[in-house]
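The values are calculated or read from the model by the stated rules, or taken from the named source; none is laboratory data. As the structure is a computational prediction, the values presented were derived from the model and not from experiment. Positions of Cβ are generated from backbone atoms using ideal geometry, with glycine treated the same way; all protein chains shown enter the neighbour counts. Just so you know, the surface numbers come from the protein's heavy atoms only, side chains and all, with ligands and any DNA or RNA stripped out. Shrake-Rupley method; radii C 1.70, N 1.55, O 1.52, S 1.80 Å.
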Amino acid sequence: MVDNKIKELEEYAKINNIPIMQRDGIEFILEFIKEKNIQNILEIGTAIGYSAIRMASSFDNVKVVSIERDKERYLEALKNIDQLQLADKITLIFGDALDVEITDKFDLIFIDAAKAQNKKLFLKYENNLCDNGYIITDNLDFHGYVSMNIEDIGSKNIKALVRKIKDYIDFLNNNDKYETIFYKLGDGVSVSKRK
């Protein structure tokens, strides 16, 4: 049933133009969770619940708290999680991640929300990271735009977003508290670990 639901979610996301993780990106994260024995995950950006469902349904001992600010997507994610009877493993929070207050600690913080807010989200939630935890960020290639010359990008909005993503990459590269590795998987993934 889970496999069928995952295919259904992938199809739904494609038809409705909802951004979900690319297949090799999510497979990388699932392997990472297994390898590092991750048990508690904070996901920032639920969308329709695809990655939370993939993470929670793949491992018996994994619990996910996921934050979503878009009401329609939040309700869709709730429905999908209920259909798979994963409500005991996935806790959804409706709200803007920059306003939500969480006190729990997590083995993994997964940032997959508004790309322009990556740095603010990283700084806000790093206090929720366990001592040996990891922060993973998705979409750092942003459909190939990040590797382009900014002047070659036609849209002002995309130019501004790419600048923010490049600033975030610089922030990760120059952050003395973390060691970050970048992976050319999916739409570009980074893994940051405290030094």
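Observations, loosely collected:
- Counting protein heavy atoms only, the chain has 46 percent of its accessible area on carbon and sulfur, 1.4 angstrom probe.
- Per-residue ³J(HN,Hα) for region 35-44, Karplus 6.51 cos²θ - 1.76 cosθ + 1.60, θ = phi - 60°, Hz, x for Gly and Pro: 5, 9, 6, 6, 10, 10, 10, 9, 10, 9
- Charge dipole of region 71-195 about the Cα centre (unit charges at C-beta), most positive-ward option of G188, A113, G154: G154
- Sequence-distant residues sharing a close amide H with I93 (under 5 Å, placed H): S66, I67, E68
- Ranked by how many other beta carbons lie within 10 Å on average, peptides 51-57, 141-147, 170-176, 186-192 from highest: 51-57, 186-192, 141-147, 170-176
- The sum of -39500 (n - 2.57) across all DSSP H runs of n ≥ 4, divided by the residue count of the chain, sets its helix-only mean residue ellipticity at 222 nm to -12500 deg cm²/dmol.
- Each Lys and Arg adds +1 at its Cβ and each Asp and Glu adds -1 at its Cβ; summed about the Cα centre, the chain shows a dipole of about 380 debye.
- Counting every pair of alpha carbons in the chain, the share spaced more than 31 Å apart comes to 13 percent.
- For the chain, the relative contact order comes to 19 percent (Cα pairs under 8 Å, sequence separation of at least 6).
- Dipole magnitude for region 52-114: about 160 debye, using +1 per Lys or Arg Cβ and -1 per Asp or Glu Cβ, origin at the Cα centre.
- Taking the Cα centre of region 1-72 as origin and assigning +1 to Lys and Arg Cβ atoms and -1 to Asp and Glu Cβ atoms, the resulting dipole is close to 120 debye.
- Classified by the C-alpha gyration tensor, region 38-84 has an oblate form. Its axis ratio a/c, with a ≥ b ≥ c, is 1.5 or above, and a/b does not exceed b/c.
- Restricting attention to region 101-195, close to 70% of DSSP beta bridges with both partner residues there are antiparallel.
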